[in-house]
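A short worksheet on the structure shown next.
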Amino acid sequence: QNDRNASFVIPSGVKVLGGFSGKETSVSQRDFTVNRTILSGEIGSPATTEDNSFTVVVVRNATEGTLLDGFEISGGNANNSVREITPSNCGGGLFNDATGGSSSVTISNCFFKANKALYGGGLYNNAGNGNCSGTKVLNCDFYKNDAKVDGGGVYNQGGSGVCNLLTKNCNFENNQAYYGAGILN
C-alpha cells in the first residue's frame, strides 16, 4: 500500500543537486534545463492526485549550506484537514520547518509545478516558534500550484518565530489560492 506520508527528506547540511546526464566529470557540467530531474509525489494511480504523497520534499531545522538545486518538484497533494501545521496539509511541493530551532535551506533553480495543499501549494516555509530567516528561494518557477486556502505558490508563516524569506529572480504563473495566489506572507 502507498504511504502518503512518504517524502524526500533533505538532511541538514546536505547539498542535493539535479540536472546530471550521468556523463559529467564535474558539477559545473550539469544542465538542469536539459536533464530534468523530477521529484514527484505521484505514488499511486496516475489517474488521480488524491492518492499522491502529501508533501514531495521535507526539510527540517537545516543549517546554512543545506541546498536543493536543479529539480522539478511536482504532484504533492497536502489535503489532510488536520488543524495543525504539518506536511500533510501544508506545502504540497516542499515543507520547510524551523519549529524548535532554525532552518536556513537554499532552494535554487527549481520548478514547482502542479502541487496542491490547504496552505502553501508549492512551498510552505514555517518558522513555528523558531527562525527560518536564512531560507532563500533563488531562480525558481512556481507554476499551477494550488492552495485551497492561502499561499498558492508560497506560504511564508512566521508563527511565534521569525521568518523573513528571501526570494530572488523567481517567476509565479497560474497559481491559485483564496488569499495570496503567488505568495502569502
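So here's what we get for this one:
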| quantity | calculated |
| --- | --- |
| Top-ranked residue in the stretch 138-169 [being modelled with pLDDT of 95 or more, aliphatic (A, V, I, L, M) and within 18 Å of residue 119 (Cα to Cα); ranked as most open to solvent (accessible area, probe 1.4 Å)] | 149 |
| Count of the stretch 175-184 residues which are exposed (fewer than 14 other Cβ atoms within 10 Å of the Cβ) and polar (S, T, N, Q) | 0 |
| Search result, residues across the stretch 18-40 that are assigned to a loop (DSSP other than H, G, I, E, B) and either out of contact with any Phe, Trp or Tyr (no Cβ under 7 Å at 6 or more places or on another chain) or among the aliphatic types (A, V, I, L, M) (or both) | 20, 21, 22, 23, 24, 25, 26, 31, 32, 33, 34, 36 |
| Pick from the stretch 97-115, criterion part of a loop (DSSP other than H, G, I, E, B) and closer than 21 Å to residue 179 by Cα, ranking: farthest from the chain's Cα centre (by Cα) | 114 |
| Pick from the stretch 76-86, criterion under 16 Å from residue 158 (Cα atoms) and out of contact with any Gly (no Cβ under 8 Å at 6 or more places or on another chain), ranking: surrounded by the most Cβ atoms within 10 Å (Cβ to Cβ) | 86 |
| Residue in the stretch 98-111 that is of a type in the set (Gly, Ala, Ser), modelled with pLDDT of 95 or more and at positive phi present | no |
| Count of the stretch 1-58 residues which are farther than 30 Å from residue 127 by Cβ, out of contact with any Gly (no Cβ under 6 Å at 6 or more places or on another chain) and surrounded by 13 or more Cβ atoms within 10 Å (Cβ to Cβ) | 4 |
| Top-ranked residue in the stretch 170-185 [being outside any loop (DSSP other than H, G, I, E, B) and not aliphatic (A, V, I, L, M); ranked as farthest from the chain's Cα centre (by Cα)] | 179 |
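Results for (1) assigned to a strand (DSSP E or B); (2) of a type in the set (Phe, Trp, Tyr), shown as yes or no for each residue.
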position: 64; (1), (2): no, no
position: 80; (1), (2): no, no
position: 95; (1), (2): yes, yes
position: 117; (1), (2): yes, no
position: 125; (1), (2): yes, no
position: 142; (1), (2): yes, yes
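The values are calculated or read from the model by the stated rules, or taken from the named source; none is laboratory data. Note that the coordinates shown come from a computational prediction; the quantities given were computed from them, not determined experimentally. Cβ atoms come from the backbone with ideal geometry, glycine included; neighbour counts cover every protein chain shown. Note: areas computed on protein heavy atoms with side chains; ligands, DNA, RNA excluded. Shrake-Rupley method; radii C 1.70, N 1.55, O 1.52, S 1.80 Å.
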